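Have a look at the structure below before the remarks.
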Amino acid sequence: MKISVERAIVFEHCLEAFSLYEHVFDADKREASSGEKGSNEGVYTILDMQFYVLDEHPEYGLLALKKEDTKPMWYNLMVNDMNTV
């Protein structure tokens with residue numbers, strides 16, 4: 001496993017959001033589920049930046065961005081062995 005940084009974003013419906021990002025930013029879909037709204041997730045890249053997107057899922061505290069709110073984005077830092085960092 002290589003060291004990487006992943007940006008995670010919650011959308012009301014991540015598959016619809018991906019379609020927009022694909023059109024506007026020429027995003028490249030790496031993987032995506034195709035379930036019902038509320039259960040999807042996917043990975044896409046814009047240039048060399050990877051994004052992990054999820055459907056809104058209030059039961060787990062995953063709330064999509066609203067006009068007045070700017071919280072649902074975070075970073076996952078991944079390393080081979082945390083004990084050696």
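The values are calculated or read from the model by the stated rules, or taken from the named source; none is laboratory data. Model, not experiment: these values are computed from the prediction. A quick note on method: Cβ atoms are made from the backbone with ideal geometry, for glycine too, and the neighbour counts reach across all protein chains shown.
For Ala8, the criteria (1) without any contact (Cβ under 8 Å) to a residue 60 or more places away in the chain; (2) surrounded by 14 or more Cβ atoms within 10 Å (Cβ to Cβ); (3) outside any loop (DSSP other than H, G, I, E, B) hold in every case but one, which is (1). The residue of region 47-85 that is nearest to Phe25 (Cα to Cα), among those that are in a strand (DSSP E or B) and modelled with pLDDT under 85, is Met49. Name the residue that is surrounded by the most Cβ atoms within 10 Å (Cβ to Cβ), counting only residues in region 26-68 that are among the polar types (S, T, N, Q) and under 11 Å from the mean Cα position of the chain (by Cα). The selected residue is Asn40.
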